[in-house]
Amino acid sequence: MRLSLYRHLLNRRHFIALPVLIAAAGNCAFAATAGGASPERTILVVGDSLSAEYGLKRGTGWVALLDEKLKTERPGVSVVNASISGDTTAGGRSRLSGLLNKHNPGYVIIELGGNDALRGLPLRLTQENLNFMTKAAQAAGAKVLLVGMQVPPNYGSEYAAQFANLFSVVAKTNQAGVVPFLLKGIADTADSTAMFQADRIHPKAEAHPTMLANVWPELKKLLK
């Protein structure tokens, strides 16, 4: 992401750390039926505003696009979007058990961590929470895909590098899948602001196909 945009995000301090504006899975038109669904046919997405369609028309976010893609690529596989704007890894950790019990997913995509960094939470806690969530999902019989984020260079090159790397560390430790950077090709382009909404914080609908393109190759490896 260009430095000018990074500075803007730093000043705003709420890149994805927003109030809870989007309800979780139950309100999603593409949420799978709970309980009786076959585990191999249910993908649970636990994320923040980047996955909760913040500021977008319903059905245009990358998770909804994934659900549409699966109808062709993996007929019968459905998506439960349990993402909530402003969520942190601690928040995801606290509600994961209930989501696993309710939806019995065969696959869990964890897109959390950005708000941790932007709130200045210790990297150790973020890594511990992601590690806990990954292990819990695997213990419930699900395959896990971690979706990574990056922070502005204003945070310091060492901190930024450690944050970006922790997703791969957790994935390697638990033999899970990993997407290094959800906003690759969006936030790191020459004119990155063009791909963001008016708040210059959340990607436009036009950016979400690229976000899906970043996720799909790694998710495809996990799907049977």
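Going by the conditions given, is VAL77 crowded, with 19+ Cβ neighbours inside 10 Å, over 19 Å from VAL147 (Cα atoms), touching a residue at least 12 places away in the same chain (Cβ under 8 Å) and among the hydrophobic types (A, V, I, L, M, F, W, C)?
For VAL77, the condition - crowded, with 19+ Cβ neighbours inside 10 Å, over 19 Å from VAL147 (Cα atoms), touching a residue at least 12 places away in the same chain (Cβ under 8 Å) and among the hydrophobic types (A, V, I, L, M, F, W, C) - is met.
Which of the residues spanning segment 104-160 are closer than 19 Å to LYS184 by Cα and at pLDDT 95 or above?
ILE109, ILE110, GLU111, LEU112, GLY113, LEU145, LEU146, VAL147, GLY148, MET149
What's the total number of residues in segment 30-73 that are at pLDDT 95 or above and under 18 Å from ASN104 (Cβ atoms)?
Going through segment 30-73 one residue at a time, the tally reaches 7.
Could you grab me the full set of residues in segment 52-74 that are surrounded by fewer than 19 Cβ atoms within 10 Å (Cβ to Cβ) and touching a Gly at 6+ places or on another chain (Cβ under 9 Å)?
GLU68
Which condition number does LEU100 fail, the rest of (1) surrounded by fewer than 17 Cβ atoms within 10 Å (Cβ to Cβ); (2) not in a loop (DSSP other than H, G, I, E, B) being met?
(1)
So, in segment 86-95, how many residues would count as being closer than 16 Å to SER51 by Cα and either in a helix (DSSP H, G or I) or under 11 Å from the mean Cα position of the chain (by Cα) (or both)?
5
For segment 141-155, state whether one or more residues are assigned to a helix (DSSP H, G or I), under 17 Å from LEU44 (Cα atoms) and of a type in the set (Phe, Trp, Tyr).
no
Out of all the residues in segment 52-81, which are more than 15 Å from the chain's Cα centre (by Cα) and part of a loop (DSSP other than H, G, I, E, B)?
GLY55, LEU56, LYS57, ARG58, GLY59, THR60, ARG74, PRO75, GLY76, VAL77
Do you know which residues across segment 112-136 are in contact with a Phe, Trp or Tyr (Cβ under 9 Å, 6 or more places away or on another chain), crowded, with 24+ Cβ neighbours inside 10 Å and in contact (Cβ under 8 Å) with a residue 60 or more places away in the chain?
Listed by number, the residues that qualify are GLY114, ASN115.
Within segment 156-207, which residues are part of a helix (DSSP H, G or I) and aliphatic (A, V, I, L, M)?
Those that are part of a helix (DSSP H, G or I) and aliphatic (A, V, I, L, M): ALA160, ALA161, ALA164, LEU166, VAL169, VAL170, ALA171, ALA194, MET195, ALA205, ALA207.
Does segment 80-90 hold any residues that are buried (at least 22 other Cβ atoms within 10 Å of the Cβ) and hydrophobic (A, V, I, L, M, F, W, C), and which are they?
Correct list: VAL80, ALA82, ILE84.
Restricting to segment 143-190, name every residue that is charged (D, E, K, R), surrounded by 15 or more Cβ atoms within 10 Å (Cβ to Cβ) and touching a residue at least 40 places away in the same chain (Cβ under 8 Å).
LYS143
Given the conditions (1) closer than 24 Å to VAL77 by Cβ; (2) loosely packed, with under 14 Cβ neighbours inside 10 Å; (3) at pLDDT 95 or above, which single one is not true for LYS224?
If we test LYS224 against (1) closer than 24 Å to VAL77 by Cβ; (2) loosely packed, with under 14 Cβ neighbours inside 10 Å; (3) at pLDDT 95 or above, just (3) comes out false.
For residues that are closer than 19 Å to ALA64 by Cβ and either of a type in the set (A, V, I, L, M, F, W, C) or surrounded by 13 or more Cβ atoms within 10 Å (Cβ to Cβ) (or both), tally how many sit in segment 197-208.
7
The values are calculated or read from the model by the stated rules, or taken from the named source; none is laboratory data. As the structure is a prediction and not an experimental result, all values here were calculated from the model. Neighbour counts are summed over all protein chains in view; Cβ atoms, including those assigned to glycine, are modelled from backbone coordinates with ideal geometry.
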